[in-house]
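Asks: Quick one: this structure, given as structure tokens, is what I'll be asking you about.
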Amino acid sequence: MITIENVNKVYETKTSRVVGVDDVSLEIKKGEIYGIVGYSGAGKSTLLRCMNILERPTSGKIFIDEVDLLSLSNKELRKARQSIGMIFQGFFLTSSKTVFDNVAFALKAAGVPKSERKDRVLELLDLVGLGDKANQYPAKLSGGQKQRVSIARALANNPKVLLCDEATSALDPSTTKSILALLKKINKEFGITIVIITHEMEVVKEICDKCAVMQDGQVIEQGSSYEIFANPTKPLTKQFIQTVLNFELPEQLLESCQGTLVQLQFRGSIAGDPVVSDVLQKFPVQGNILHGKVEYIKDTPLGIFIMELLGDQQDVNNAIDYLQQRLKQVEVIQHA
Ligand SMILES: Nc1ncnc2c1ncn2[C@@H]1O[C@H](COP(=O)(O)OP(=O)(O)O)[C@@H](O)[C@H]1O
Ligand SMILES: [Mg+2]
């Protein structure tokens, strides 16, 4: 659906040369919700703006539905952009226009006749839950409502792709949840491919099927969100995952702990897999669960538990080997 091939973007002035995007290749499939994560300055916005050629890559190629966007004339590109909606952290609504007119303007710009605009705008406002706000001005709306208007506007011309640049970063956590739920619904009902840029791993956890992590203009890690959460390989990715799966044990608990501490990872539902009771039956060791949590990565559970194992060291080691065979991801975090 969206193919990014060896894209580079260099900002060059007489006195400086800044690499915004450094040789990025990504494949985003139709109907996916794809997250791009990274700290400020990593190149996320630049990459997103390259996807609809708001920013012309210095080199590389961008295909949407197999159309090479860089080969299009300006007129063809304007047309192609109608199938790529975009929303931003700052909403960019026109304050002198009502909610209705903000959305209608996108239809007007695309040449939709006036007679057809009204029904379509009302349909879009209903979709985003603002059916009763058509005649309000943006200043009267909350941040979440403003983002809903900008989503309605972005969807006006039935895009195939929706690009979101930090769309929830200015919103409080509960409003963020409701906007993410709306994006999920749009993705499901209309099959729109969504690309979401964010510095919040929570957003990826909530709705992204896949994600890429960016640092210094490069994609350093990419894959299914679940795999990235379960098995991050790069230090930066681990840092981001930590913000969601924070597993620090209190210092005094670590100090008072006599046994070997192991961190166990359960993929999928743990209900059907009595591995903890099995290990305690098979080996003469004692086990205490000290800490644990189950996170849902886009609806699939990922459980992490910290267990203290007590007993003869050889038995404890055998128990850990057994756990490793059963669970794959078992890590000793403190020796006895
Ligand atoms: N128009 C521009 N001119 C010069 N440098 C830019 C421009 N836009 C972005 N940059 C630089 O490119 C790098 C990536 O920026 P950006 O894509 O905005 O990162 P992010 O969205 O991840 O915060 C940064 O170093 C930034 O300063
Ligand atoms: Mg940005």
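Just so you know, all these numbers are worked out from the coordinates, no wet-lab data involved. Computed from a predicted model, the values in this text were never measured in an experiment. Cβ: placed from backbone, ideal geometry, glycine included. Neighbour counts: every protein chain shown.
Asks: Would you look at the GNM of the chain, springs on alpha carbons closer than 10 Å, and say which of Ser25, Ser71, Ser225 moves the most?
Replies: Highest fluctuation of the listed residues: Ser71.
Asks: Beyond 29 Å, what share of the Cα-Cα pairs of the stretch 183-336 remains, rounded to the nearest whole percent?
Replies: Everything past 29 Å amounts to 29 percent.
Asks: State the answer as a single residue: which of Gly35, Cys208, Phe91 lies farthest towards the positive end of the charge dipole of the stretch 2-242, with beta carbon charges of +1 for Lys and Arg and -1 for Asp and Glu, about the Cα centre.
Replies: Farthest along the dipole direction, towards plus: Phe91.
Asks: For the chain, with a Gaussian network of springs between Cα atoms less than 10 Å apart, report the residue from Leu302, Leu163, Leu54 with the top mean-square fluctuation.
Replies: Leu54
Asks: Mind listing the long-range amide H neighbours of Phe88? Cut-off is under 5 Å, sequence gap 5 or more, other chains count too, H placed in the peptide plane at 1.01 Å from N.
Replies: Asp165
Asks: Work through the residues other than Pro113 whose Cβ is under 14 Å from its Cβ and net out their charges, Lys, Arg +1 and Asp, Glu -1.
Replies: Local charge sum for Pro113: +3.
Asks: Explain nothing, just the number: dipole magnitude of the chain about its Cα centre with +1 on each Lys and Arg Cβ and -1 on each Asp and Glu Cβ, in debye rounded to the nearest 20.
Replies: 2000 debye
Asks: So what are the ³J(HN,Hα) numbers for the stretch 201-214, from phi and the Karplus equation (6.51, -1.76, 1.60; θ = phi - 60°), rounded to whole Hz, Gly and Pro as x?
Replies: 5, 4, 5, 4, 4, 5, 9, 8, 6, 9, 8, 10, 10, 10
Asks: Identify, among His335, Leu125, Val275, the residue whose Cα sits farthest towards the positive end of the charge dipole of the chain, taking +1 on the Cβ of Lys and Arg and -1 on the Cβ of Asp and Glu, with the dipole about the Cα centre.
Replies: Selected residue: Leu125.
Asks: Enumerate the calculated ³J(HN,Hα) couplings along the stretch 101-111 in order (Karplus 6.51 cos²θ - 1.76 cosθ + 1.60, θ = phi - 60°), each rounded to whole Hz, writing x wherever the residue is Gly or Pro.
Replies: Along the stretch 101-111, the couplings run 5, 4, 6, 4, 4, 5, 6, 4, 4, 8, x Hz.
Asks: Cα extents of the stretch 2-242 along the three principal axes, largest first, in whole Å?
Replies: Result, largest extent first: 51, 42, 36 Å.
Asks: Select from Thr13, Gly144, Ser59 the residue farthest towards the positive end of the dipole of the stretch 2-242; place +1 on Cβ of Lys and Arg, -1 on Cβ of Asp and Glu, and compute about the Cα centre.
Replies: Among Thr13, Gly144, Ser59, the one farthest towards the positive end of the dipole of the stretch 2-242 is Gly144.
Asks: Average projected area of the Cα convex hull of the stretch 29-120, in nm²?
Replies: 8.2 nm²
Asks: Rg and Dmax of the stretch 203-270, using alpha carbons, in Å: what are they?
Replies: 14.9, 46
Asks: Longer than 25 Å from Cα to Cα, which of Lys97/Lys210; Lys146/Lys188; Lys44/Lys160; Lys118/Lys177 are they? Say none if no pair is.
Replies: Among Lys97/Lys210; Lys146/Lys188; Lys44/Lys160; Lys118/Lys177, the Cα-Cα distance tops 25 Å for Lys97/Lys210; Lys118/Lys177.
Asks: Considering the Cα trace of the stretch 251-334, what is its radius of gyration and what is Dmax, both in angstroms?
Replies: Over the stretch 251-334's Cα set, Rg and Dmax evaluate to 12.8, 41 Å.
Asks: From the square roots a ≥ b ≥ c of the eigenvalues of the alpha-carbon gyration tensor of the stretch 288-336, which class results: rounded (a/c under 1.5), prolate (a/b over b/c), or oblate?
Replies: Prolate.
Asks: If you don't mind, there's one more thing I want to ask. Name the most mobile residue of Lys44, Lys177, Lys14, meaning the one with the largest mean-square fluctuation, in a Gaussian network model of the chain with Cα contacts below 10 Å.
Replies: Answer for the Gaussian network model of the chain: Lys14.
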